[in-house]
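Structure record follows, encoded as structure tokens.
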Amino acid sequence: MSALTAERIKLTSTRAPWVCTGIAVVAALGFSVAFFGLGGPEIQATVANTQVTASFGRTVMLVLAVIAAASEYNWGTMRLTFQAVPSRTPALLAKGLVIAVWSAVVGLVVGFGCWVVGVLLKPDADLALHSAADWRAVAGQGLIFALTGLLGVGVGLLLRNTAAALAVALVWTQLLEGLIMLIPTVGPAIYKWMPFFAAQQFIGGDLANSQLRIGDLPMNPVAYGAYFAVICLAIFAAGVFLNKRKDV
């Protein structure tokens, strides 16, 4: 419990987590207002489409998770953590858990906040949460944000350098994953297995799929969510394993 308390204090006692959290919520909800307020008739008001802009908030939380892990190596506080908790695994698991819970709460705020924006701006549309798919699209943001937080911590633990870890995370999410679609012949097939594409399919990716003409998918939404979870947990576990065996 002391390791969890220490990680909670480290996270909440600095300004960066609060700033990133605020940016994540404001960006997601702000772009949601623009999406429904300025979108043309081709934008169908569905529960899944209310979550299109949640990815902006998710990216910010990924940045926060990377900074929370990698910056400890830059400032030397990770060495102090390992001195206080000689068994490194509990300390690293506590960091991952704290970031995951924080990210999950932000994800729920973003998910339900974007849904409320859709309800307010499209009062004539049926945006009630009727089905399990509707609830997964909105409440599922909590799970996706939590897994993204673990992914960010894992990247930070693996690279142990804030600039390098941020560069890898942002270049992948904002550039490389999308560019895979442009690879002749095989690009669309490979893109269907990309991690953040999988996360979006769990939430509901009908709009993006139709715009990109993705075609048939190899998995259903729940399987895509499990696939994304395996990737995030594997990267986090790799980061924990590396730091358990390697000197700081």
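Using a Gaussian network model of the chain with C-alpha springs under 10 Å, which one of 106, 171, 117 is most mobile by mean-square fluctuation? Residue with maximal mean-square fluctuation among 106, 171, 117: 171. Dipole magnitude for the chain: about 1000 debye, using +1 per Lys or Arg Cβ and -1 per Asp or Glu Cβ, origin at the Cα centre. For the chain, modelled as a GNM whose springs connect Cα atoms under 10 angstrom apart, the maximal fluctuation among 97, 64, 179 occurs at 179. Largest mean-square fluctuation among 187, 118, 149, in a Gaussian network model of the chain whose springs join Cα atoms under 10 Å apart, belongs to 187. Cα extents for the chain along the principal axes, largest to smallest and rounded to whole angstrom: 59, 42, 29. Placing +1 on the Cβ of every Lys and Arg and -1 on the Cβ of every Asp and Glu, with nothing else charged, gives segment 1-108 a dipole about its Cα centre of roughly 380 debye. For the chain, the carbon plus sulfur part of the accessible surface works out to 70%, probe radius 1.4 Å.
Simple rule: put +1 on each Lys or Arg Cβ and -1 on each Asp or Glu Cβ in the chain, find the dipole, and look at 96, 193, 214; the Cα lying farthest toward the positive end is 96. Across all directions, the average projected area of the convex hull around the alpha carbons of segment 1-86 is 7.4 nm².
The values are calculated or read from the model by the stated rules, or taken from the named source; none is laboratory data. A quick note: this is a predicted structure, and the numbers were derived from the prediction, not measured. Positions of Cβ are backbone-derived with ideal geometry, glycine not excepted, and every protein chain shown enters the neighbour counts. Calculation scope for accessible area: heavy atoms of the full protein, side chains included, ligands and nucleic acids excluded. Shrake-Rupley method; radii C 1.70, N 1.55, O 1.52, S 1.80 Å.
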